[in-house]
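Here the structure is laid out as structure tokens; the discussion comes afterwards.
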Amino acid sequence: MSWFRSRKKEEARVRKTKEIIQDIESGKSIEDTTNESSSSKILKLDLTPENIIGRRKEEEIDLTNDIPWNNWLTNQKVKTPEDLDHVINLSCKEILGENFNINDPFPDLNIKFKFVKRLQAKSGYPISDYELTILRTPMEFKDYYLENIISGKLLQFNEKEPNAIYLTQKSFTQPNIRVVERISSKVQKEKFNSILQEVENLKKREARDEIQRLRS
């Protein structure tokens, strides 16, 4: 009976994790009782749930709260010519000085770049590299803003979308090319509502005519 008790204790003995890890790292061989052709095998640890000690706690970390975002464009975008005049004059004063004429060309590219960067930041609208290259004076930048931004022209389409092209009849001089001007969403909605109303009137008229026919 003592032999059975000792055998049971030996089978019930649970090895410490440290011992198992040391055997795995050293590549220690142990007896393989399941394979008759081989008397030993390399000890390996299967990645099963019962062999994993402890539980990893998954924490959701919101990194956006810790990132210092650089919002260089103001949220208060220019909407009127008066606001644009204020932004242009303020940018000229800060970069070009008090006595600079708005119609004079920029002294050099460095001053021009600083002015355009300040103008974009204060107006809330970025300027393309093409316009930055061809425009030479603060007055030309003002005219560009008035024609394309204050007028709402650039707000009619989204440049991030594919095929976002804005064309007018002025873009072509050929007599055989006709450009259908862009219709605003407001006009489209009014036209659509009028079509729905016309369809509803036709349905009512048909129903009224059918009732008259049945009565007669």
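Using the heavy atoms of the protein chains alone and a 1.4 angstrom probe, what is the accessible area of the stretch 71-216 per residue in square angstrom? Display every interim value, and only then the final one.
Numbers: 11330 Å² over 146 residues.
With all protein chains present, the stretch 71-216 gives 78 Å² per residue.
Using only protein heavy atoms and a 1.4 Å probe, report how much of Phe192 is accessible, in Å² to the nearest 10.
Here the accessible area works out near 120 Å².
Quick one: in the stretch 90-159, what % of C-alpha pairs are over 17 Å apart?
Working: 955 of 2415 pairs.
The share of Cα pairs beyond 17 Å in the stretch 90-159 comes to 40 percent.
Work out the FRET efficiency for Ile195 and Asn71 from their Cβ-Cβ distance, taking R0 = 30 Å, and round it to the nearest 0.05.
Numbers: r = 44 Å, r/R0 = 1.45.
The formula returns an efficiency of 0.10 here.
Packing-wise, with mean Cβ within 10 Å as the measure, how do 87-94, 195-202, 123-130, 105-112 rank, highest first? Walk me through the numbers on the way to the answer.
Values: 87-94: 16.6, 195-202: 10.0, 123-130: 14.5, 105-112: 13.0.
Most protected by this proxy first, the peptides run 87-94, 123-130, 105-112, 195-202.
At 0.36 nm per residue, minus the direct Cα-Cα distance, what do Thr168 and Glu206 gain on full extension? Give it in nm, one decimal, please. Mind showing how you got there, number by number?
Details: separation 38, 0.36 × 38 = 13.68 nm, distance 4.25 nm.
Gain on extension, Thr168 to Glu206, equals 9.4 nm.
Within the set Lys112/Lys142; Lys114/Lys153; Lys142/Lys186, which residue pairs have Cα atoms separated by over 23 Å? Mind dumping the intermediate values first?
Working: Lys112/Lys142 14 Å; Lys114/Lys153 26 Å; Lys142/Lys186 28 Å.
Long pairs (Cα-Cα over 23 Å): Lys114/Lys153; Lys142/Lys186.
The values are calculated or read from the model by the stated rules, or taken from the named source; none is laboratory data. A quick note: this is a predicted structure, and the numbers were derived from the prediction, not measured. Glycine gets a Cβ as well: all are built from the backbone with ideal geometry, and neighbour counts include every protein chain shown. We work out accessible area using only protein heavy atoms, side chains counted, and drop any ligands, DNA or RNA first. Shrake-Rupley method; radii C 1.70, N 1.55, O 1.52, S 1.80 Å.
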